[in-house]
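Contents: one structure, followed by commentary.
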Amino acid sequence: MEKLIITAAPTGSLPRKSKTPHVPITPQEIADCALRCEDAGASILHIHVRDEQENPSDDPERFAAVFEKLKGRTELILQISTGGRAGTDLESRAKRLQLRPEMASLTTGSVNFPTSAYVNPPDLVEALAAEMKRLHIKPEMEIFDLSMIENALQLQKLGFAVAPLHFNFVMGLRGAMPARVEHLVHCRSCLPVDGTWTVSGIGRAQLPLGVHALLMGGNVRVGLEDNIYFQKGELATNQMLVKRMADLSRMLGRKVATPNEARHILSLVDKDSRS
Ligand code: MG
């Protein structure tokens, strides 16, 4: 089995300092937290940024500030979210790609969040995919239901994305796929043979789905974006969640990938040929 790739998703769009003091909000906090997560075993950093009021921000300057603070200090694969909570149109979501992260998230369909609709029309998805392809950014296909797997494969068929594809199954969010291992097994069975995958269990599903994924040969995303608790009643820090997954993986006989090993497993384009 390949080594386990752990993605840290430390910030997201939702948790605020009033809910947990451990959520990193400013670029400095995000960068410092990222380095602690790297030490704990993470190889990918999934990045959202916030404004002064802690609201989700689409300001490319803020993404640039995170990159700047991390420059020369980390091997982490930087993965920018192109999620639409901060701004829904193409321009708002594509501007940050000009930073040319190695990876970016790409949701390939629409879904109802608990209190809003997350709308990703086909032309927007194709345009984001095309821009990622042009900039040699590897998309992480964000899968909230089965149709989105098919949509991702269709993107590849139409030339908007290049194999091998990488998928993230987001499970346990109300309105999307329930966090059940049967669904995880089925999702995996829908992937092309060369596809790689990770799972993001929401809330209390983060730990059990992560353990299933690591035993199944998949990869795991943890962090306060998806879950703020270490266990019932105890708030987590991001690095605690990363470390627990790394420890469990080693305990269960699977080694944890370094960022450079993750680059190889995910077939990321090497730096020299990206220019
Ligand atoms: Mg996200």
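The values are calculated or read from the model by the stated rules, or taken from the named source; none is laboratory data. Just so you know, these numbers come straight off a predicted model, no measurement behind them. Note: ideal-geometry Cβ built from the backbone for every residue, glycine included; neighbour counts use all protein chains shown. SASA here: full protein model, heavy atoms, side chains in, ligands and nucleic acids out. Shrake-Rupley method; radii C 1.70, N 1.55, O 1.52, S 1.80 Å.
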Worksheet item: Across the stretch 30-44, in residue order, what do the Karplus-derived ³J(HN,Hα) couplings come to in whole Hz, using 6.51 cos²θ - 1.76 cosθ + 1.60 with θ = phi - 60° and x for Gly and Pro?
Response: 5, 5, 4, 5, 4, 5, 5, 5, 4, 4, 7, x, 6, 10, 10
Fill in: Candidate residues Leu241, Leu35: accessible-area rank, largest first, probe 1.4 Å
Leu35, Leu241
Practice prompt. Could you tell me whether the stretch 1-148 comes out rounded, prolate or oblate from its Cα gyration tensor? Rule is a ≥ b ≥ c as square roots of the eigenvalues, rounded for a/c under 1.5, then prolate if a/b exceeds b/c, otherwise oblate.
Written response: rounded
Worksheet item: Using the Karplus equation 6.51 cos²θ - 1.76 cosθ + 1.60 (θ = phi - 60°), what ³J(HN,Hα) coupling, rounded to whole Hz, does each residue of the stretch 187-203 give in order, writing x for Gly and Pro?
Response: 4, 4, 5, 8, 7, x, 4, 8, x, 10, 8, 9, 10, 10, x, 8, x
Item to complete: Rounded to the nearest 0.05, what FRET efficiency do Thr20 and Asp51 give with R0 = 22 Å and r taken as the Cβ-Cβ distance? Could you check?
Response: 0.75
Worksheet, complete the sentence: Rounded to one decimal in nm, the spacing of the 7 Å Cα→Cβ label points at Val193 and Arg134 is 3.5 nm
Practice prompt. Beyond 18 Å between alpha-carbons counts as too far, so tell me which of Lys19/Lys232; Lys17/Lys95; Lys3/Lys243; Lys95/Lys138; Lys95/Lys133 fall in that bin.
Written response: Lys17/Lys95
Response to the item:
Across Gln156, Gln53, Gln206, the residue with the highest GNM fluctuation in the chain (Cα network, 10 Å cutoff) is Gln53
Worksheet item: Quick one: with all protein chains in place, what share of the accessible area of the chain is carbon or sulfur, to the nearest percent (1.4 Å probe)?
Response: 53 percent
Worksheet item: Can you give the net charge of the other residues whose Cβ lies under 11 Å from the Cβ of Ala152, counting K and R as +1 and D and E as -1?
Response: -2
Practice prompt. Quick one: which residues, 5+ away or cross-chain, put their amide H under 5 Å from the amide H of Ala236? H built at 1.01 Å from N.
Written response: Tyr229, Phe230
Fill in: Accessible solvent surface per residue of the stretch 6-274, calculated while the other protein chains remain in place, 1.4 angstrom probe, Å²
43 Å²
Worksheet item: By accessible area of protein heavy atoms, probe 1.4 Å, what ranking do Ser189, Ser43, Ser18 get, highest first?
Response: Ser18, Ser189, Ser43
Practice prompt. State log₁₀ I(q)/I(0) for the stretch 6-274 at q = 0.10, 0.16 Å⁻¹ as given by the Debye formula over alpha-carbon point scatterers of equal weight, solvent excluded.
Written response: -0.44, -1.30
Discussion item. Report for the stretch 13-145 the percent antiparallel among DSSP-assigned beta bridges with both residues inside it, nearest 5.
Written reply: 25 percent
Discussion item. Modelling each spin label as a point 7 Å along the Cα-to-Cβ direction, I'd like the His186/Asp89 distance in nm, to one decimal.
Written reply: 3.8 nm
Worksheet item: Got a sec? What order do Met1, Met177 fall in by accessible area at 1.4 Å, biggest, i.e. largest, first?
Response: Met1, Met177
Worksheet entry | Whole-Hz couplings from phi, Karplus 6.51/-1.76/1.60, listed for the stretch 114-130; x for Gly and Pro | x, 10, 7, 9, 9, 9, 10, x, x, 5, 5, 4, 5, 5, 5, 4, 5
Worksheet item: At a Förster distance of 22 Å, what's the computed FRET efficiency of Lys71 paired with Ser273, Cβ-Cβ distance as r, to 0.05?
Response: 0.60
Fill in: Residues with amide H under 5 Å from that of Ile80, placed H, sequence gap 5 or more
Ile47, Met103, Ala104, Ser105
Discussion item. Can you tell me, using C-alpha contacts under 8 Å and at least 6 residues apart, the relative contact order of the chain as a whole percent?
Written reply: 24 percent
Worksheet item: Got a sec? Which residues in the stretch 208-234 would a label at Arg254 touch, if it sits 7 Å along Cα→Cβ and we count backbone N under 17 Å?
Response: 208-223
Fill in: Cα-Cα P(r), the stretch 36-108, percent of pairs per 10 Å interval
19, 53, 26, 2
Item to complete: Using a Förster distance of 35 angstrom, determine the FRET efficiency expected from the C-beta separation of Arg100 and Lys157, and round it to 0.05.
Response: 0.85
